[in-house]
Amino acid sequence: MLFHPYELAFCGYSGSGKTMLATAVVRHLAGKHTVGYYKHGCHHFDIDREGKDSDLAASAGAVTVMVSGPGKKAVISHAPPEPADFERFAFSSCDILIVEGLKELPIPKIILVDEGKKILERIEEGSVSMVAALAVPDDPSSYRLPSLPGVPVFHRDETAAVASFVEQHLMERAAVSAPLTGLVLAGGKSSRMGEDKALIDYHGTSQILHARNLLAPFCREVHLSCRIEQAEKYAASGIPLIPDSYLDMGPLGGLLSAQRALPERAFLVVACDLPFLDAGTLGKLVAGRNPFRFATAWRDPLSGRFEPLAACYEPKSREPLLLRHAAGLNALSGFLATTGIEELESPEPDIMKNINTPGERSRAAMAFSGTKNTRQ
């Protein structure tokens with residue numbers, strides 16, 4: 001990653017058609033995704049013209065100037081260049097990033113070949129790295145390079161095919177770079193229940209083991225989030241533990257602690273007090289996951305509230321979660337409601353019902369007992 005977790009560059013010599021193809025791909029993708037566009041290599045472009053307010057502010061000594069109007073903002077930075085920090089911040093809310101230029105940098109790229117084919121010589125020499133595909137002006141079948149076995153070749157007018165390739169390429173990268181890791185949240189104090197909710201048995205085993213068993217088919221591995229003082233008690237479960245390193249923050253502390261311990265993982269989070277949650281419902285959540293967004297979650301159509309304790313959180317959610325915590329905002333539901341996430345149709349209400357009190361526990365136990373009797 002240079003500027004964004006899911007970035008792909010369009011590179012080629014001047015006149016090869018990279019701007020036309022890149023913008024056509026953006027047009028195809030923009031209906032489904034929030035797309036950022038970074039054009040590199042403009043020669044002496046002028047954005048804050050002499051005498052304009054932004055120029056006056058910069059001339060007065062302002063290092064960074066933001067100009068804002070209805071529906072549009074621009075940030076102009078005169079600071080010494082730093083390694084991609086500014087760009088990462090600017091594009092953090094985007095699902096994917098299309099870059100124009102930067103053929104020498106290690107970004108996966110679609111190389112546009114012009115009539116002279118000079119760039120092919122550079123590729124053969126190894127001076128252009130991480131080629132994802134070629135876009136060519138004539139018959140794609142005539143472009144098979146020994147140095148790039150298996151690299152797809154498209155006619156540069158096949159914009160829909162190129163856009164489909166870009167989306168699939170980035171989706172496959174997400175599956176490799178951000179695999180789903182299960183996280184059972186069991187760090188609550190169970191004060192209303194009067195006993196540890198994580199150890200209650202509704203299904204012939206404790207809720208932490210039941211939640212682990214639900215998560216296991218969908219995740220590379222499953223971890224258990226808990227408070228430090230719970231670690232010895234929960235070690236008997238055999239589930240790898242992630243004790244809280246962010247304290248007194250509720251579920252947010254458990255998620256941030258897991259993100260600190262296992263950076264660049266996507267977490268499929270399940271709270272330990274959801275005994276009605278089943279594998280079919282969880283599978284629908286995983287199938288609807290959009291790794292380009294900050295998270296994927298269900299929204300209750302009646303209350304409008306998102307369900308934060310059975311949701312997927314992507315690696316890039318960590319920074320905005322930390323910023324919200326710094327502002328005193330520790331509710332995961334608030335994060336889901338105010339951040340770019342993938343919203344899914346809510347399952348049946350009872351499936352996501354939290355069991356927090358002895359009365360609720362008794363009714364839940366009766367419901368499960370009735371289900372067993374019906375099956376018998």
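Peptides 140-150, 288-298, 57-67 ranked from most to least packed, by the mean per-residue count of other Cβ atoms within 10 Å: 288-298, 57-67, 140-150. Which one, [x] 19.8, 64; [y] 25.2, 83; [z] 19.7, 58, gives Rg and Dmax of the Cα atoms in Å as derived from the coordinates shown? Given [x] 19.8, 64; [y] 25.2, 83; [z] 19.7, 58, the calculated one carries the label [y]. Once the Cα atoms of helix 251-261 and of the chain are each reduced to a long axis, what angle between those two axes, in degrees from 0 to 90 to the nearest 10, is obtained? So the inclination is approximately 50 degrees. Using the Cβ-Cβ distance between S127 and A231 with R0 set to 51 Å, the FRET efficiency works out to roughly 0.45. With the chain treated as a Gaussian network of Cα nodes joined by springs under 10 Å, which of F218, F306, F86 yields the largest mean-square fluctuation? Maximum among the listed residues: F86.
Take the Cβ atoms of R144 and T19, set R0 to 35 Å, and the FRET efficiency comes out at 0.85.
How much of the DSSP bridge set in segment 7-176 is antiparallel, in percent, rounded to the nearest 5? The antiparallel proportion sits near 25 percent. For M171 and L56, a Förster radius of 56 Å and the Cβ-Cβ distance give a FRET efficiency of 0.75, rounded to the nearest 0.05. With contributions of -39500 (n - 2.57) from each DSSP H run of at least four residues, the per-residue ellipticity at 222 nm computed over the chain stands at -9500 deg cm²/dmol.
Computed from the alpha carbon atoms alone, the convex hull of segment 178-370 holds 116 Å³ per residue. Loop-located trypsin sites (Lys or Arg not before Pro) across segment 204-234 with a Cβ neighbour count of 12 or fewer within 10 Å are R220, with loop assigned by DSSP.
No value in this document is a laboratory result; all are computed from the given coordinates. Model, not experiment: these values are computed from the prediction. Note that each Cβ is placed from the backbone with ideal geometry, even for glycine, and that neighbours are counted across all protein chains shown.
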